[in-house]
Every structure is written in C-alpha cells, then in structure tokens.
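Report on the structure given below.
The values are calculated or read from the model by the stated rules, or taken from the named source; none is laboratory data. It should be emphasised that the depicted structure is a prediction, and the values quoted were computed from it without experimental measurement. Cβ sites come from the backbone with ideal geometry, for glycine too, and all protein chains shown count toward neighbours. We work out accessible area using only protein heavy atoms, side chains counted, and drop any ligands, DNA or RNA first. Shrake-Rupley method; radii C 1.70, N 1.55, O 1.52, S 1.80 Å.
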Amino acid sequence: MYIKSISIENYRNLKKTEIFPSERINVIYGDNAQGKTNLIECLWLFTGGRSFRGAKDNELIAFGNKFAAAEIKFYSREREQSIRLTIQNGKRSAVLNDVPMSYVSQIIGSFCAVIFSPNHLTLIKNGPDERRSFIDAAICQARPVYALTLTKYKRILTERNALLKDIPKHRELEDTIDIWNERLAHEGSLIALERFNYIDSLKEKAVKFYEGISNGREKLDISYRPCFNARKDMTREELKKIIFTKLCDRQNDDINCGFTTVGTHRDDISIKIDGREARSFGSQGQQRSAVLSMKLAEAEVLKEKTGESPVILLDDVLSELDKSRKNYLLNKLSGMQVFITCCEDDIECENKFLIRNGEINC
C-alpha cells in the first residue's frame, strides 16, 4: 500500500497544494510551526480515525474558511483507489472511490497507516486512556467491524451514565438498569475478546523487536489487564457473564458516583521489562524502546491481517531517539512507504519536501 498523490485545501495552515510522494521514504522538513505535523495529521485522517493530537474537526479548518478538503490517491489491493475528506459545519464526510459514505467510519480499513509521534513516546508513562486508545485504534484498522462495536459500547455507556444520574431523583428507574447492564456486558465482551486476541499477536512481534533493540539483554512482556477477573481463554459468553455480574455488584456504587465505575472502558495494558512494570521501573530509554517495539509490531500485525504493508507516519520522533534506535527503526521500515518530519534536512532519501509558512515545495 502506498500513496500516489495528496491534494489539500484549507487544512490548518497548509496552502492549497498537490504533491506526489515516493513509494519509499519521504522527508518533510522545515522549521518548527511551519505545518509539518499538520500534513502528517491530515494523512492520518484517511484511516478513518480522529486527529492523533486530540483536535476537534472544526479546528482543522484554516482560519477564515468555511471548509477544509483533502484527497489521496493510493495503490492498494492491486488497484488505484481514492479517498476524499471534507470538513464542514463541524463534521467530516468521506467519498471512497467516488462513492459517498454515510459515515466517515466506513472508510476504516480502506487505507491503513501507523502513526508514531512524540506523544507515543509517553504511552507508557501516561494513564490507561492512552494505552486503550492505542490498542483500539490498531484493532480498528486490522478489523474495521471493531469500530462499530466501540461506537455501540460508548453510546450504551452514555445512556447508562445518564440513567445513574437520574436514579437518585427517580428511584423507580432503578428497575430498568438491568437492561443497560445486559447491553453493556454484550458489547464489552466483544471488546475484551478482540483486545485479548490482538494483544497476543502484538506481543509476539513486539517481544522480538525489543530483543533486537536491546541486543537480547532484556525481555519485554505485554498483557491485557481487564478491570474484571477475566482470562484470555474464556469464551465471549463467559466474558459477558463476568462483566454483567460485575456491573450488578457495583450498581449501588455507580448510582452514588453517577457514572459507570467498571467495564472495558476502565481496562489497561500491562507493559513489563524483565518482569517489572515499565511505567514505574523502566528507564526513559527502556520505555522508548518498548513503545518503538510496539509500533513496529503494530505495522507487522497490520501487514499480516491485510496482506499489505501500511503507510508509516513518523512525526518528529527521530530526534527523540538515539542513533542506534533511529537506525534500527529505519532499517525495519525498509520496503514500506514512510513519511518522516524533521527540522533538519539530514536524512538521505530521494524525495524531500520543504515546508515554509504552510507552503510545501519539492
């Protein structure tokens, strides 16, 4: 899989442009605050995900304009394809191969990419929200139907939380909470099962990458840590029963708190180095090596699941890595289309783009 052309209009500070990247390494360089990360962010949106910087859709439109648009033509599944995104009135719309999509989420799985930004280097240090988001985004690309399950779960969770807030004022509503427990447990069991399976695949590959980075001196371990007592060998029905029971057990606490205190939205991913939690005991270098290994593994899992190498987006991370990790990363990404942002033009490749004040020049 690789991008053949990129067209952009009114996206953040980027000037209207069309560029034609190489099938291999593409370097986007320039001073800070010129638009390098904006370009990477724009490319990431074609996966169907939201901004990896947490920006709202209306924040992506250039100041003073009513809309933003971007289009890529890319080669995948032995043919040329296209996706056009438009952001207007605070929301996105998508056209895949000239066919308008009812929802942007319908393009998930059509174009696949792996993003690696400075934020990901703190994936281990930060809270479980980021680790869940990392895993969920990765699963969505490998299994697009998972996005629908997540959407259903979040909608049911919102409804249950609203009910929990109303119950103290209307106690008769408490009799209806079992309906939401059942629905939440159903979707939650699907999420838990997918996470167990995905992390198994990710772990197998990440362990090997980490062994290579550390020259075999240390061992990485990754596991799914549900907030309920569950095992990866359980069936979906067994997982559903456990989640439902836990929701019922915590029902009074949830009513007092006004929100759902247990469920797959509270789960975490454990990352250990030599048997010790990397978050508490890992050095900065070890944590970065672990994240680097997980990102490389994510690309490998995607390639395995889809039969094609994803596009790799490296946003200003090479400067954060020492020389050995930088060389290891670039070596492992050979053969894939890669977009690298940096301040200095010091990476050897044929295709380089200079960004200055939002204007992209070859």
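Miscellaneous remarks
- Of the set (1) at pLDDT 90 or above; (2) touching a helix residue (DSSP H, G or I) at 6+ places or on another chain (Cβ under 7 Å), all apply to ARG266 but (2).
Here is a yes/no grid of residues against (1) in contact with a Phe, Trp or Tyr (Cβ under 6 Å, 6 or more places away or on another chain); (2) of a type in the set (A, V, I, L, M):
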| residue | (1), (2) |
| --- | --- |
| LYS303 | no, no |
| VAL311 | no, yes |
| LEU314 | yes, yes |
| THR341 | no, no |
| ASP345 | yes, no |
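- The sole residue among ILE222, ILE191, ILE199 that is crowded, with 20+ Cβ neighbours inside 10 Å and out of contact with any strand residue (DSSP E or B) (no Cβ under 9 Å at 6 or more places or on another chain) is ILE191.
- Cβ-Cβ distances below 6 Å connect the following pairs, each with a first residue in the range 198-222 that is of a type outside the set (A, V, I, L, M), a second residue that is open to solvent by 50 Å² or more (accessible area, probe 1.4 Å), and a separation of six or more residues or different chains: LYS205/GLU300; GLU218/ASP274; LYS219/ASP274; ASP221/LYS272.
- Test result for ASP233, open to solvent by 50 Å² or more (accessible area, probe 1.4 Å) and under 28 Å from LYS165 (Cβ atoms): no
- Search result, residues across the range 253-283 that are under 22 Å from the mean Cα position of the chain (by Cα), not hydrophobic (A, V, I, L, M, F, W, C) and not in a strand (DSSP E or B): GLY263, THR264, HIS265, ARG266, ASP267, ARG279
- Candidate set: the range 80-103, residues that are among the polar types (S, T, N, Q) and open to solvent by 50 Å² or more (accessible area, probe 1.4 Å); chosen: the one modelled with the lowest pLDDT: ASN89
- Unmet criterion (only one of (1) modelled with pLDDT under 95; (2) touching a helix residue (DSSP H, G or I) at 6+ places or on another chain (Cβ under 7 Å)) for GLN106: (2)
- Filter pass, GLU71 being open to solvent by 30 Å² or more (accessible area, probe 1.4 Å) and within 18 Å of VAL95 (Cα to Cα): yes
- The single condition from (1) open to solvent by less than 50 Å² (accessible area, probe 1.4 Å); (2) modelled with pLDDT of 95 or more; (3) within 30 Å of THR122 (Cα to Cα) that THR158 fails is (1).
- Applying the condition of being over 28 Å from PRO144 (Cα atoms) and outside any loop (DSSP other than H, G, I, E, B) to the range 10-56 and asking which residue is most open to solvent (accessible area, probe 1.4 Å) yields GLU18.
- Among the residues making up the range 279-297, those that are out of contact with any Asp or Glu (no Cβ under 9 Å at 6 or more places or on another chain) and under 24 Å from VAL114 (Cα atoms) are ARG279, GLN284, GLN287, ALA290, VAL291, LEU292, MET294, LYS295, LEU296.
- Contact map, the range 170-189: first residue farther than 21 Å from THR149 by Cα, second residue open to solvent by less than 10 Å² (accessible area, probe 1.4 Å) and outside any helix (DSSP H, G or I), Cβ cut-off under 7 Å, separation 6 or more or different chains; pairs are LEU173/ILE167; GLU174/ILE167.
- Residues satisfying the criterion are absent from the range 246-260 (criterion: at pLDDT below 95 and aromatic (Phe, Trp, Tyr)).
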